[in-house]
Amino acid sequence: MMMRMPRATAPLSPQADPKQSHGVAEVGGTCRFSASVGSIRIAGWGLIGAALDTLTPHWPHRLAGAADGPEPVHVSVIADKGGYRVVTPGGNVAALWFADPLSAAHAAAGALIEARLAREPDALAVHAAAVVMGNRALVLMGASQSGKSTLALHLAAAGRVLLGDDRILLSAHEPGVAAIAIALGLAPKVRLPVPHDLGPRFRNFVAARENGRDDAAGAAFLALMPGEQAAHGERVPVAALIHLSRQNIGPTRIFPISRSQAVRAIIDQGAAPHLPGGAILALAAKISARVPTFTLSYSSSRRAADALIARFGKDFDAE
Amino acid sequence: MTQYRRNPGFSETAVDGEAFLVDPGNDEIYYLDQITTGLWRVLSEPKTRSEILMLFSAAFPDVDVDRLDADLIAALADMVARGLVVAE
């Protein structure tokens, strides 16, 4: 059997309706998001700033002032035809049009992540959530609907620090460390209504931290309390990669997978628009050789979170 | 008689005995399982389908030759269509 790997060449942000651009207008200052080196700037902040604040509660940013001097703008948001256009110079999110500020903010966040990723050598963005156990990261990789967020929030509600939700940067660049997970500071998101069977601890945790809603997606954004979520840029050595396989029924099982399966999972869930395919493959092969990778097959996220703590928590917390 | 050979432009990374290839034209990454990786390895030198079938028949003596041949025809057609293998 031969498979073409579905490597993410699409933007890290959602798709939009392309429209002709006429009479665009830029409004509302420039915001600087912190990055590993310097900052990443978004012009037109006033148009989507409130929405982007909701998406990036743990990614430090501030309005630029005259004292900041000239720096290139990485993302521009402009008002156009009753909606918003998000433009990145030479980027994948170029000139997409959105009807509402939240959708435009999602696209801008995707462009921010691309710009941030380009400043990390030997790194890719992985569709994953991650939690800190002891002083190491457990990275939960999976496609949409695989339960990354729910599982990570179960672990956060049980006292583990959330390293991130939806997107994590994975780097194999630092000498002496197998791989590093880098937090982006994005807001975790949960689908509504929260199912009753997730339990009172989970429901109470979510209810106390809700910080806005995406009505179109039927989801709530959370802003975790101080100390509950890692700030943007926090770097934690990776203990294990967990590939999520959610089932309708069946027991919870955690089992190691081969390096080849790990490479496929990383490529399948990874994105690095700035790197050629050969570099992405080499990076996935390097990470798979250094970090143990497991599949978590589960039908109950509550039991799966307990299983992860039982399997990984004791060793890592004791370190 | 048609001969098949690897497209030398594809770069290969082997992991656990399975090959991952990168298409130099469009940067696509391909994964080959153990059987298809075996076919890729065999085609390091040009071979006809009959020559490949003889090698695979020897490697898989319990598999019916007609079934092996059918699988081989499908795999070669797929690899040629994607440019991994050149038929000449």
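Structural remarks
- Candidates A:Pro256, A:Pro273, A:Pro226, ranked by Gaussian network fluctuation over chain A, Cα under 10 Å, top entry: A:Pro226
- Under the span-like rule (Cα at least 18 Å along the axis, Kyte-Doolittle mean at least 0.0), DSSP H helices of chain B: B:65-81
- Over chain A, Cα pairs under 8 Å with separation of 6+ residues give a relative contact order of 19 percent.
- Straight-line cross-link partners of B:Lys47 among the aspartates and glutamates, defined as a Cα under 14 Å from its Cα and at least 8 positions apart when in the same chain: B:Glu88.
- The alpha carbon radius of gyration of chain A, expressed as a multiple of 2.2 N^0.38 Å, is 0.99.
- For the range B:1-60 and the range A:172-225, distance of Cα centres in Å: 44 Å
- Local electrostatic count, B:Val63, Cβ distance below 14 Å [Lys/Arg +1, Asp/Glu -1]: -4
- Partner chain coverage, peptide A:275-288 - average Cβ within 10 angstrom: 4
No lab work stands behind these numbers, since they all come straight from the coordinates. None of these values were measured; they are calculated from a predicted model. Quick reminder, even Gly has a Cβ in these numbers, built from the backbone with ideal geometry, and neighbours come from all protein chains shown.
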